[in-house]
Amino acid sequence: MATAKAKGKSVAASPKKAARKVRILVGKPGLDGHDRGAKIIARALRDAGVEVIYTGLHQTPEMIVSAAAQEDVDGIGLSILSGAHNYLFPRIITLLREKKMGDVVLFGGGIIPDDDIPKLVKKGVDRVFTPGTPIQQIVDYVNERIRPRK
């Protein structure tokens, strides 16, 4: 530990408090039962030093936002393969705003038609990843875009 002099006395310098890791909730909303991709992304983010909370399958928007609030997350990543993205993303945005959590970054991916992406972004989704996106691109996005809220 480093020491410093204060008025002629040697005192131990206090160690710097480590910054909190970024916390991301990975959610699988709706009735879609395929979560392999969500688990791969969760593991890649974890391996990159991100703290990841995975909600599991068949989560409602209310369950996802409740877990996000309880876990004090900085971002939410959704995996949607069911075609319900035009309902699920906006519903989660509405719930986040109602809970005064509008600063939580919402992103996601899955089977989402290219024509729907600009509409989702306009409604508040920060980024949408489509099939074939390299995992490292998603990790880089999280590392560059999302910061601890507190």
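The values are calculated or read from the model by the stated rules, or taken from the named source; none is laboratory data. As the structure is a prediction and not an experimental result, all values here were calculated from the model. Here the Cβ is made from the backbone with ideal geometry for all residues, glycine too, and neighbour counts use every protein chain on show.
This table checks each residue for (1) within 16 Å of the chain's Cα centre (by Cα); (2) in a helix (DSSP H, G or I); (3) modelled with pLDDT of 95 or more; (4) among the β-branched types (Val, Ile, Thr).
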| position | (1), (2), (3), (4) |
| --- | --- |
| 40 | yes, yes, yes, yes |
| 44 | yes, yes, yes, no |
| 67 | yes, yes, yes, no |
| 73 | yes, no, yes, yes |
| 87 | no, yes, yes, no |
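Could you tell me whether any residue of region 42-65 is exposed (fewer than 14 other Cβ atoms within 10 Å of the Cβ), out of contact with any Lys or Arg (no Cβ under 9 Å at 6 or more places or on another chain) and within 22 Å of residue 136 (Cα to Cα)?
Yes - at least one qualifying residue is present in region 42-65.
Six or more apart or on different chains, Cβ under 6 Å: which pairs go from a residue in region 39-54 that's of a type in the set (Val, Ile, Thr) to one that's assigned to a loop (DSSP other than H, G, I, E, B) and crowded, with 17+ Cβ neighbours inside 10 Å? Could you list them?
Note: pairs meeting the criteria are 50/22.
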